[in-house]
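The block underneath contains the structure these notes are about, expressed in structure tokens.
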Amino acid sequence: MTVLALGGCHDDIVAASRVPFRPDTSCPGVIVRRPGGVARNVAVLLAGSGVPVRLLSRIGEDEAGDRLMDGLIAAGVDPAMVIRTGEARTGSYVAIHDEDGALVAAVSDLVIYDGLTPEVIAALRDDLTSAELVFADANLPADSLDALAALLASAGRIDRLMLDAVSIAKVPRLLWPARRGARLFANRAEAGALLGTDPFDAEEAAQGLADAGLTRAVVTDGLGPVAFWRTTRSSCWTWRRPPSWM
């Protein structure tokens, strides 16, 4: 099985306070820099499990980009489709967590992904339609996600497309591709943002996505149960691990 992952590959800078967090002052803590990006993380995990995987992303011709490329190669991910550019710096994401590990603030600088245009997607038609699975995150521009879904739908392979919401701000980009038949992965808050509601739990969120016309959805809720929706089933199903038919 060959998987093609499209989307984020950037630096994560994560800070965690060691004392009760206060937003108006400096808090002693730990700061870690590490590779990140949803598509990159999925690709690395799959490669570590022995699955052949290629990554399409866009990174800068800078030190951060060099580190990311070296890391992909070391992890066994095929980086041949990663685009290096001198027009923008490698993306970065900064997160601050309180003493309990809860996220209290985050900022992303990911304009480099604007260069992953529909034209880039169209040029990969043969690779996309021949892949066993295609994973894309919402770091891709909305028109590129639409182009990706349309391309796979025209080839009769929309059911091979997996979409990750990434964040509340970016999940609206996935509504049209998900309605075409792609499988959406989102947490409860992201699903609620897509629906304009505040679902009580993952099952309510998955049912809401089904009512909104999505044919396949997986909704997480922290450490709680995971909810799955598929139109061939008569209702939403909730498990702590995926059933075989997913």
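The values are calculated or read from the model by the stated rules, or taken from the named source; none is laboratory data. Bear in mind the structure is a predicted one, so any value in this text is a computation, not a measurement. Here Cβ is always computed from backbone atoms with ideal geometry, including for glycine, and neighbour counts include all displayed protein chains.
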Of the residues in region 42-57, those that are in a loop (DSSP other than H, G, I, E, B) and surrounded by fewer than 18 Cβ atoms within 10 Å (Cβ to Cβ) come to Ser49, Gly50, Val51, Pro52
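Condition check: in contact (Cβ under 8 Å) with a residue 40 or more places away in the chain and surrounded by fewer than 15 Cβ atoms within 10 Å (Cβ to Cβ). Does Gly101 satisfy that?
yes
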Among Phe228, Phe185, which is the only one that is at pLDDT 85 or above and closer than 20 Å to Leu161 by Cα? Phe185
Counting only strands (runs of 3 or more DSSP E) entirely within region 63-177, those with at least 1 residues that are of a type in the set (Val, Ile, Thr) are 83-85, 92-97, 103-109, 133-137
Cβ-Cβ below 8 Å, separation at least six or inter-chain, first residue in region 138-156 and surrounded by fewer than 19 Cβ atoms within 10 Å (Cβ to Cβ), second small (Gly, Ala, Ser): which pairs? Ala153/Gly181
Residue that is within 18 Å of Leu55 (Cα to Cα) and acidic (Asp, Glu), where the choices are Asp198, Asp143, Asp137, Asp159: Asp137
Any chance Ala39 is surrounded by 15 or more Cβ atoms within 10 Å (Cβ to Cβ), in contact with a helix residue (DSSP H, G or I) (Cβ under 7 Å, 6 or more places away or on another chain) and assigned to a helix (DSSP H, G or I): no
So the check is Cβ under 8 Å with 6+ separation or different chains; which pairs have a first residue in region 15-30 that's under 19 Å from Tyr93 (Cβ atoms) and a second one that's assigned to a loop (DSSP other than H, G, I, E, B) and of a type in the set (A, V, I, L, M)? Gly29/Val19
